[in-house]
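The values are calculated or read from the model by the stated rules, or taken from the named source; none is laboratory data. No experiment lies behind these values; they were computed from the predicted model shown. A quick note on method: Cβ atoms are made from the backbone with ideal geometry, for glycine too, and the neighbour counts reach across all protein chains shown. Only protein heavy atoms, including side chains, enter the accessible area calculation; ligands, DNA and RNA are left aside. Shrake-Rupley method; radii C 1.70, N 1.55, O 1.52, S 1.80 Å.
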Amino acid sequence: MATIIDGKAVSAAIREEIAKEVETFKAQTGVTPGLAVIIVGEDPASTVYVRNKHKACLDVGMFSEVRRMKEETTEEELLAVIDEMNRDDKLHGILVQLPLPKHIDEKKVIRAISASKDVDAFHPENVGKIMIGDYDLLPCTPAGVMALLDYYKVEIQGKECVVIGRSNIVGKPQALLLLERNGTVTVCHSRTKNLSEVTRRADILVAAVGRPRFVTADMVKEGAVVIDVGINRDENGRLVGDVDFEAVEKKASAITPVPGGVGPMTITMLLKNTLTAARVALKK
Ligand code: GUN
């Protein structure tokens, strides 16, 4: 039976560490690390995520501001708020919750956030820095995956790492981070031929496809470490990952559950980025 990688427990341990570091930082600088989260509209899932981010900040002793804007907000109005927050010294991180209403250009909004406050690491400047391995901020989900692998002492160097999914938020940066740690990395996607042949080579398999139970047992090598980034609802409305957990658990050496695997790590890495952004801003 596989080791169940407990994202909730790892998350709690790292948040405790962050809370201590925040306390030290405040004592040294007199400054409280601060995060602003902007939400436009009332998407139910986004509303829950934003509430969780706010609470997580307060729990580790950070300052948190949530700016709720109505669905009809214009791009111009949103850009004006970002501009004001870019210049606000209380705020070290700014996050615009996605998705945005269709009439707002997401790319333009991401570029408007000061790269040094971009705690999602979505800004092209931060993406470029990750590409050359010279960065301060990392995208939260792939960073959370790396933190889980490290916590469970999964060796990456020289291992076959297969990432399913090539999104800008997860797949692509995940591949770069595994490569940086000397993994042999393959990125698969919807046009990949003989997908299961590729995935069966993986010592470390990261699934970020967005399709419920997409990764079946026959796609996984005996003893592989399987990381499930998916959050989907199945036909019965149950929260499931991209991996058929019950079947794959029997073959893997370690596996993340959904919920309770990668999910809790994402906000933890957001807190880490906010502290990093504050440190960089104050040169501490
Ligand atoms: N919506 C869902 N996940 C994310 C995320 O990681 N960052 C932002 N900004 N919006 C999201």
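Here are a few things to note about the model shown:
- Residues being in a helix (DSSP H, G or I), touching a strand residue (DSSP E or B) at 6+ places or on another chain (Cβ under 8 Å) and either open to solvent by 10 Å² or more (accessible area, probe 1.4 Å) or within 16 Å of the ligand (Cβ to nearest atom) (or both) - total across the stretch 149-175: 4
- For Phe245: the one exception among (1) more than 26 Å from Lys53 (Cβ to Cβ); (2) open to solvent by less than 10 Å² (accessible area, probe 1.4 Å): (2)
- Qualifying positions in the stretch 75-102 - open to solvent by less than 50 Å² (accessible area, probe 1.4 Å) and either among the aromatic types (Phe, Trp, Tyr) or closer than 25 Å to Ile231 by Cβ (or both): Gly93, Ile94, Leu95, Val96, Gln97, Leu98, Leu100, Pro101
- Criterion violated by Asp120 - all others in (1) assigned to a loop (DSSP other than H, G, I, E, B); (2) within 16 Å of the ligand (Cβ to nearest atom); (3) open to solvent by 30 Å² or more (accessible area, probe 1.4 Å) satisfied: (3)
- Entry remark, the stretch 227-242: residues being among the polar types (S, T, N, Q) and open to solvent by 40 Å² or more (accessible area, probe 1.4 Å) number 1 in total.
- Matching helices (runs of 4 or more DSSP H) fully within the stretch 1-96 where at least 3 residues are touching a Leu at 6+ places or on another chain (Cβ under 8 Å) and not β-branched (Val, Ile, Thr): 7-29, 44-59
- Restricting Lys129, Lys90, Lys108 to those that are in contact with an Asp or Glu (Cβ under 9 Å, 6 or more places away or on another chain), more than 16 Å from the ligand (Cβ to nearest atom) and either of a type in the set (Phe, Trp, Tyr) or under 29 Å from Pro44 (Cα atoms) (or both) reduces the list to Lys90.
- Qualifying position, being of a type outside the set (D, E, K, R) and over 19 Å from Pro173 (Cβ atoms), among Gly237, Gly230: Gly237
- Residues that are within 15 Å of the ligand (Cβ to nearest atom) and open to solvent by 20 Å² or more (accessible area, probe 1.4 Å), drawn from the stretch 33-62: Glu42, Asp43, Pro44, Ala45, Thr47, Val48, Tyr49, Arg51, Asn52, Lys53, His54
- Test set (1) touching an Asp or Glu at 6+ places or on another chain (Cβ under 7 Å); (2) open to solvent by less than 40 Å² (accessible area, probe 1.4 Å) - Ala19 fails condition number: (1)
- Just one of the listed residues (Glu65, Glu72) is at pLDDT 95 or above, open to solvent by 60 Å² or more (accessible area, probe 1.4 Å) and away from the ligand (no atom under 13 Å from the Cβ), namely Glu72.
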